[in-house]
Structure formats: C-alpha cells, structure tokens
1. Might you let me know whether the stretch 263-283 holds any residue that is among the β-branched types (Val, Ile, Thr), in contact (Cβ under 8 Å) with a residue 24 or more places away in the chain and more than 20 Å from Val101 (Cα to Cα)?
2. Please determine, by comparing only the residues of the stretch 18-33 that are within 25 Å of the chain's Cα centre (by Cα), farther than 12 Å from Glu8 by Cα and open to solvent by less than 80 Å² (accessible area, probe 1.4 Å), which one is modelled with the highest pLDDT.
3. Quick check on this structure: which one of Glu246, Glu201 is out of contact with any helix residue (DSSP H, G or I) (no Cβ under 6 Å at 6 or more places or on another chain), part of a helix (DSSP H, G or I) and within 18 Å of Val101 (Cβ to Cβ)?
4. Within the stretch 34-57, how many residues turn out to be open to solvent by 20 Å² or more (accessible area, probe 1.4 Å), under 22 Å from Lys272 (Cβ atoms) and either in a helix (DSSP H, G or I) or of a type outside the set (A, V, I, L, M) (or both)?
5. Output the number of residues of the stretch 190-213 satisfying the condition of being within 25 Å of the chain's Cα centre (by Cα) and either of a type in the set (S, T, N, Q) or surrounded by 19 or more Cβ atoms within 10 Å (Cβ to Cβ) (or both).
6. If Gly182 passes every condition in (1) assigned to a loop (DSSP other than H, G, I, E, B); (2) free of Cβ contacts under 8 Å to residues at least 60 places away in the same chain but one, which one does it miss?
7. Within the stretch 225-243, count every residue that is surrounded by fewer than 22 Cβ atoms within 10 Å (Cβ to Cβ) and part of a strand (DSSP E or B).
8. Go through the stretch 145-161 and give me each residue that's of a type in the set (Ser, Thr, Tyr) and either at pLDDT 90 or above or surrounded by 18 or more Cβ atoms within 10 Å (Cβ to Cβ) (or both).
Amino acid sequence: MADFRSLEVFYWVAKLSSFRRASEKVNTTQPAVSQRIAALEHEYGTLFERRSRDVALTERGRLLLGFAERFLALQDEMSAALHETGRTRGTLRLGVSETIVHLWLSRFIERMRAAHPGIGVDITVDISPNMQAALVADEIDLALLVGPITLPSFVNRTLFSTPVAWIAAPGLLPGDAPLSLGALLHHPLITYPRNTSPYVELRDLVLQENLLPSQIHTSASLATIVKMGIEGLGICVIPPAVVEAEIRAGTLRVLPAEPLLSELTFTAMHMKRPAHHFVADAARLAQDVAETWAAGR
C-alpha cells in the first residue's frame, strides 16, 4: 500500500513531468524519487512513459493521480482542522502584474497579513506569459495576471476588467476632435511587451488597416511606459486606471480616438488546492479586494 510520502512524490513527478524537478520540490534526492516511483510501479504497474527530456503519465498513472490528489487534499484538510489559521507558517510565492501593483496590491497585502499572519509574501512583478510559465514550473504559487488561462489542474478566479485607451501628453495631440488610427500612427506607440495581449491586439489592428506605425516601443515596466508618455515620446496604450493621478495633474490625457481597444481582464490563477489551503484562500482574498476596488470606482 502506497504511503503519503510516495503519493506526494508521485504527484509532483506527474505535475512537473520531471524526476529532477520533483526531487527539488519535495526536498529530496533524485535517486530517492526514482526509488519511490519504482516501488509504486512494482505495486501498480507502469505509471510513467520515460521520454528523452521528461516523463508522461500512462493511463494507469492518470488513474493513480486522481487518487493521489484526493489523498493529499485529505491530508491538507486534516492539518488545517488540527491547526489554527494564525499558526500556519510558510511563504506565498506571488506573481503579479504591474498594473495591479499600481491599483490595489497594497490592500491585498494588508488583507493577507490580517488573515494569515504567519504567511510571508514573496512578490515577483512580471508580465502574464512569464507568470503562466512560472506557475507551470511551480516557481510561484499564485499569479494575478491577464486571463483566464485554461490549463489542466489550474484554477482561475476572475478579479476585474479595466479598459485600455490611447493616452498621451496634452501637447502631443491637442484638440478634442476624434482621432483616426492613421492619425495616431503618425506618432510612436508605447505599450506592453510583444508577447502580451495589448501588443498583439495593437499589431493586428495596424495590420488589418494596412498601416505602418512610425515605431512601437515596448516595455515590461509600466512605470517606464508612463514616464515616456509624460515626456512626449509617444502614445501610451495602457489602462487609464493606472495613470489617474497623472490625468488629474494634467501631465497625461486620454485621447479622443476612434479605434476602441479591448478591456484587460485579470484573474487569480493557481494550481488546484484544497479549499482551505492558504494559496486558495489568498486567491479568494485577491478576488474580494479586486471587487471592492472596482465597486469604489
């Protein structure tokens, strides 16, 4: 009969498709992982197909994975029932979009501190495609990113949606007359990196109209995009919500542009966990903070 430790090892090999990465996850050696998997396969048959660079579950392995998930969820539920929430110790590895940093991340950190005083938060600010990869590689526990992203064994909680607009320094394009895409493209555009949805939409919009912009500048740093816009270096393609202070101060304005851009929808994404697990609870807290922020606008 498989013990909890062997099922845990099997679970992480299955999730990470790697004996080496699973050994790092469960803080043991790769030979120890191999030994436990060999013991499970001796009892239940072949669980993994060995490939040149990774492993994949067999049909029997997929069957065992369902049971392993249930066993481990029950173990977490037992631990939670026997320990007070405030006594839980650990670290939440959080990936977050810089847009959220500018809007309500500090409120979320305050809520986490109140609900889970024993949990530290290790924050990584990155673009959504990189955070998705980090989630799959188990390098972060929770990502607040542009989504939803559908992946097996992952959960998405909708946070909020925010418009994207054409934003520039007042002197760059003065006047209130509606601006065509052609008029906008007489100036450089400044937006998120090339592998993000705002950039892809912008590129497709330009291609559909058979137009070529003078330049498209991209940056993973929202602060850099905003500073370039304030200095008149081009038109920012970003959510107005992140530059409300600059708009009130008159250093930026939303342009009266005809081409409408899609909203950005943000989600909290994490690997499936028991409902009481602090990562799952952190996702619920993020959703609550986001909804409160959106309601107050």
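1. Pass one, the stretch 263-283, residues among the β-branched types (Val, Ile, Thr): 265, 267, 279.
Still in the running and in contact (Cβ under 8 Å) with a residue 24 or more places away in the chain: 265, 267, 279.
Filter once more, keeping what is more than 20 Å from Val101 (Cα to Cα): none.
The answer is no; no qualifying residue exists.
2. Ser18
3. Working: Glu201 fails: within 18 Å of Val101 (Cβ to Cβ).
Just a single option satisfies the conditions, and that option is Glu246.
4. 1
5. Quick first cut of the stretch 190-213, residues within 25 Å of the chain's Cα centre (by Cα) only: 190-204.
After this cut, where a residue has to be either of a type in the set (S, T, N, Q) or surrounded by 19 or more Cβ atoms within 10 Å (Cβ to Cβ) (or both) as well, the list is 190-192, 195-198, 202.
Total satisfying the criteria: 8.
6. Every condition holds for Gly182 apart from (1).
7. Selection size over the stretch 225-243: 0.
8. Thr158, Ser161
The values are calculated or read from the model by the stated rules, or taken from the named source; none is laboratory data. No experiment lies behind these values; they were computed from the predicted model shown. Every residue, glycine as well, gets a Cβ built from its backbone with ideal geometry; the counts of neighbours run over all protein chains shown. The accessibility values were calculated without ligands, DNA or RNA, using every heavy atom of the protein model including side chains. Shrake-Rupley method; radii C 1.70, N 1.55, O 1.52, S 1.80 Å.
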